[in-house]
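Working notes for the structure below.
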Amino acid sequence: MSSTTATSGLSRARRGLAPGGSGASPGRKSKLSAQTTRTFFWLLLPSVVLLVLIHGYPLIHAAVQATHDGDLLQTGNFVGGENFASVLSSPAFWKAAQFTLWFTIVGVFGSWLVGLGVALLLRTKIPAGNTFKVLLLLPWVVPIVVSSTAWNWLVATPDSLIPSIFRGLGFGTPLFLADPTLASITVMVFKVWVSFPFMMMMISAALASVDTTVYEAASMDGASKWQQFTQITLPLIARSTYISWILMTIFCVNDFPTIYLLTGGGPVSATTSLVVLAYRTVFQDFATGPGVAIAFLMTMTLVVISVILYRQIRKSSVE
């Protein structure tokens, strides 16, 4: 069967049409009436007001601290943007920003790839699938303190389990938490291990909403499994994918316990992320202004990334 026929079949399948379907688009949804819009507005207003009151004061107070040279007890004198200038000119900030970037990239896409693979596997009929799914959720639901303790037991010392296995196989004794490069890799792998169940559940929910007849239609038109995956599965779960990327990006950038409990930000600040640096600046160096300035820069970056991904969500919805 020609590639043109397969492509047209995939196009019909993505729209949920059987082979030979007319392909006519459904009628446009009628707009909400003015009365319905007003009802939604009044229903949402209390929640919006409550959120503004809850988050408004901390944001205003943080903005005041970021523009003053005080500490945890006193506001201090107004210094304008000096705290931001000091932070942006600090090598420690850019080193933490670089680690945060890699930590976020690996955490988001690593957990997504693992979650996608597991979700596709669970969609097939495997023995004890439900039990297997529950067990896979354990890294996400177990308290991070317990998980980090278990990983410390596995890799922290030369006599830990994994270094002992490497030594027994003749690869030497890797110091996973003492070597800067190995410590960075270990923290990122730990983040993927903790986070992939979340991605797995998001993708599983998205896959559950995909009608299996679209795959039957594509198969009848000669589409291969890879074509079905790239041109049907991925586009149909795109909305859920972008939402999970937004959430996981926020989780990774703001992730303090995963890093701090495993390495404390070391060795030699190799695993110090921006949130760990902000914590140290405020609560160990008692420099509230620069620490809050770091937090503000993190927030602005997250807002920009969220807006970009949200536009992708809207675009995928239109398509």
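Would you mind finding the one in Leu302, Leu277, Leu309 that is within 18 Å of Leu88 (Cα to Cα) and under 14 Å from the mean Cα position of the chain (by Cα)?
Leu302
Working carefully through the options Thr157, Thr104, find the one that is out of contact with any Lys or Arg (no Cβ under 6 Å at 6 or more places or on another chain), of a type outside the set (Gly, Ala, Ser) and over 29 Å from Gly291 (Cβ atoms).
Numbers: Thr104 fails: over 29 Å from Gly291 (Cβ atoms).
Step by step, each of Thr157, Thr104 is checked, and only Thr157 is out of contact with any Lys or Arg (no Cβ under 6 Å at 6 or more places or on another chain), of a type outside the set (Gly, Ala, Ser) and over 29 Å from Gly291 (Cβ atoms).
Looking at (1) within 30 Å of Met201 (Cβ to Cβ); (2) without any contact (Cβ under 8 Å) to a residue 60 or more places away in the chain, which is the only condition Leu236 fails?
Every condition holds for Leu236 apart from (2).
Could you say whether any residue in the range 288-303 is surrounded by fewer than 20 Cβ atoms within 10 Å (Cβ to Cβ), polar (S, T, N, Q) and part of a helix (DSSP H, G or I)?
yes
For the range 117-183, please list each of the helices (runs of 4 or more DSSP H) lying entirely inside it that holds at least 2 residues being under 20 Å from Ser195 (Cβ atoms) and among the polar types (S, T, N, Q).
Where helices (runs of 4 or more DSSP H) fall fully within the range 117-183 and carry at least 2 residues being under 20 Å from Ser195 (Cβ atoms) and among the polar types (S, T, N, Q), they are 144-155.
Being β-branched (Val, Ile, Thr), within 25 Å of Lys133 (Cβ to Cβ), touching a Lys or Arg at 6+ places or on another chain (Cβ under 8 Å) and surrounded by 16 or more Cβ atoms within 10 Å (Cβ to Cβ), is that true of even one residue in the range 261-276?
There is no residue in the range 261-276 that is β-branched (Val, Ile, Thr), within 25 Å of Lys133 (Cβ to Cβ), touching a Lys or Arg at 6+ places or on another chain (Cβ under 8 Å) and surrounded by 16 or more Cβ atoms within 10 Å (Cβ to Cβ).
What about Thr67, is it surrounded by 12 or more Cβ atoms within 10 Å (Cβ to Cβ), modelled with pLDDT of 75 or more and more than 30 Å from Arg280 (Cβ to Cβ)?
On the way: surrounded by 12 or more Cβ atoms within 10 Å (Cβ to Cβ): yes; modelled with pLDDT of 75 or more: yes; more than 30 Å from Arg280 (Cβ to Cβ): no.
Judged against the criteria, Thr67 is not a match.
Regarding Asp285, is this residue buried (at least 19 other Cβ atoms within 10 Å of the Cβ) and in a loop (DSSP other than H, G, I, E, B)?
no
Does Leu59 satisfy being modelled with pLDDT under 95, in a helix (DSSP H, G or I), within 15 Å of Val292 (Cα to Cα) and open to solvent by 60 Å² or more (accessible area, probe 1.4 Å)?
So Leu59 passes the test.
Okay, residues lined up against (1) at pLDDT below 95; (2) open to solvent by less than 30 Å² (accessible area, probe 1.4 Å); (3) within 30 Å of Thr233 (Cβ to Cβ):
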site: Ile165; (1), (2), (3): yes, no, no
site: Gly168; (1), (2), (3): yes, no, no
site: Thr173; (1), (2), (3): yes, no, no
site: Ala178; (1), (2), (3): yes, no, no
site: Leu182; (1), (2), (3): yes, no, no
site: Val187; (1), (2), (3): no, yes, no
site: Phe190; (1), (2), (3): no, yes, yes
site: Met200; (1), (2), (3): yes, yes, yes
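Determine whether the range 83-98 contains at least one residue that is farther than 20 Å from Tyr260 by Cα, touching a residue at least 60 places away in the same chain (Cβ under 8 Å), buried (at least 19 other Cβ atoms within 10 Å of the Cβ) and touching a His at 6+ places or on another chain (Cβ under 9 Å).
yes
Looking only at the range 114-128, decide whether some residue is open to solvent by 30 Å² or more (accessible area, probe 1.4 Å), under 22 Å from Ser269 (Cα atoms) and of a type in the set (Lys, Arg).
no
So, Thr233, is that one at pLDDT below 90 and under 30 Å from Gln74 (Cα atoms) or not? It would help to see each step written out before you state the result.
Values: at pLDDT below 90: yes; under 30 Å from Gln74 (Cα atoms): no.
Answer is no for this residue.
Looking at (1) modelled with pLDDT under 75; (2) among the hydrophobic types (A, V, I, L, M, F, W, C); (3) under 30 Å from Tyr260 (Cβ atoms), can you tell me which one Leu73 breaks?
Condition (1) is where Leu73 drops out.
Considering the range 147-157 alone, what residues qualify as being open to solvent by 60 Å² or more (accessible area, probe 1.4 Å) and at pLDDT below 90?
Thr157
The values are calculated or read from the model by the stated rules, or taken from the named source; none is laboratory data. Predicted model, so just to flag it, every value in this text is computed and none were measured. In this analysis, Cβ positions are derived from the backbone assuming ideal geometry, glycine residues included, and neighbour counts consider all displayed protein chains. Only protein heavy atoms, including side chains, enter the accessible area calculation; ligands, DNA and RNA are left aside. Shrake-Rupley method; radii C 1.70, N 1.55, O 1.52, S 1.80 Å.
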